[in-house]
Amino acid sequence: MIRDLSFPKVLRLKSTKQIGLLFESPRSVLFYPLLVKFRIENGLSSVQTPMVAFSVPKRTFKSAVVRNRIRRRMKECYRLNWKEKFDSEFLQNSGELTMILIYVAKEEKKYNLIQEGMLKLLDRLKNEILKSSGKENSADKEEA
């Protein structure tokens, strides 16, 4: 069975207005070396995929080469793992999810550390969304 591992443009959050709303949102989850700020538009979503943006602070990493390398690593980790963490039933019931992944470490990390952080961060994010929507009991029953 071939998995679709693409990262199409519909998954990318590019709207400066939506990104600004994300930074105003108090909802966030941290798992070192990544922080995710997210928003959920309630109701059933017409978009079945979460929209995501990636950020590496210029204040911490002055070199664009380093920032771009870290951003590429983050995108690759997300691209390979988001479908496993966010199944279609979860996405339909959670509403329209937008998020920005921010690299918070002060030094450049290897790919495997970023991937480990991404996996645990996506798990925490899913649990946080389920907890806030009051659907954690149904998720626990499915895992058991």
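The values are calculated or read from the model by the stated rules, or taken from the named source; none is laboratory data. Here the structure is a predicted model, which is why all the values come from computation and not from measurement. Virtual Cβ from ideal backbone geometry, glycine too; neighbours counted across all protein chains shown. The protein model used for the area step is the full one, side chains on, heavy atoms only, and it has no ligands, DNA or RNA in it. Shrake-Rupley method; radii C 1.70, N 1.55, O 1.52, S 1.80 Å.
In the range 115-136, the residues that are under 15 Å from Ile102 (Cα atoms) reach residues that are open to solvent by 70 Å² or more (accessible area, probe 1.4 Å) and at pLDDT below 85 with C-beta atoms within less than 9 angstrom, at least six apart or across chains, in these pairs: Leu119/Glu84; Leu122/Glu84.
In summary, Glu107 fulfils each of the numbered conditions (1) in a helix (DSSP H, G or I); (2) free of Cβ contacts under 8 Å to residues at least 40 places away in the same chain with the single exception of condition (1). Scanning the range 91-113 for residues that are among the β-branched types (Val, Ile, Thr) and surrounded by fewer than 21 Cβ atoms within 10 Å (Cβ to Cβ) yields Ile102, Val104. Scanning the range 65-90 for residues that are open to solvent by 50 Å² or more (accessible area, probe 1.4 Å) and either in contact with a strand residue (DSSP E or B) (Cβ under 6 Å, 6 or more places away or on another chain) or at pLDDT 90 or above (or both) returns Val65, Asn68, Arg69, Arg71, Arg72, Arg73, Lys75, Glu76.
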